[in-house]
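Trainee: I have a structure here, written as structure tokens, and I will follow up with some questions on it.
The values are calculated or read from the model by the stated rules, or taken from the named source; none is laboratory data. On a predicted model such as this, the values are computed, not experimentally measured, just so you know. Cβ: placed from backbone, ideal geometry, glycine included. Neighbour counts: every protein chain shown. Note: areas computed on protein heavy atoms with side chains; ligands, DNA, RNA excluded. Shrake-Rupley method; radii C 1.70, N 1.55, O 1.52, S 1.80 Å.
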Amino acid sequence: MAINTKKKQEDVDIDMTPMLDIVFIMLIFFIVTTVFVKQAGVEVNKVSGNTASPCENAYVFIAIDDKSRIHMDKSEVQPSEIKSKLDSLRVENPEGAVVIQADQEARAGVVLDVLDQARKTGAKVCNAINPES
């Protein structure tokens, strides 16, 4: 009786399922934790200033154009709607700052009203000024 001394070669396959699970979990994590900035949706001619500094953690942009119309999240809003819209946007990112971009020709009363409404939400409010070089 002969003894079989040859070893059987087994097919070795690498199971990719755990690696794919980890990749999908990482993808979901990055999608969920990503913060999307809410743009104003209109270009304004900002004033220049010597003491301008960048705003940290900017999240919501409010623009006031040359005709003193207020734009937020790519749509025009009324002054009475600002606080409620900011409250709903701050639910997504409570630590986010609000940036007010006012045109040179915008009325000061409208700018101050927007500033007051934004401060009533408890958000940090920044202004967008072009720094002079």
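Trainee: Could you state how much accessible area Arg119 has, in square angstrom rounded to the nearest 10, with a 1.4 Å probe and all protein chains kept in place?
Mentor: Probe radius 1.4 Å; accessible area of Arg119 about 150 Å².
Trainee: Ranking request for peptides 95-101, 72-78, 19-25, 60-66: highest mean number of other beta-carbon atoms within 10 Å first, then the rest in descending order.
Mentor: The peptides rank, most packed first, as 60-66, 95-101, 72-78, 19-25.
Trainee: Could you pull out which residues in region 59-85 have an amide N less than 13 Å from a spot 7 Å beyond the Cα of Leu112, following the Cα-Cβ vector?
Mentor: Once the point is set 7 Å along Cα→Cβ of Leu112, nothing inside region 59-85 turns out to lie under 13 Å by backbone N.
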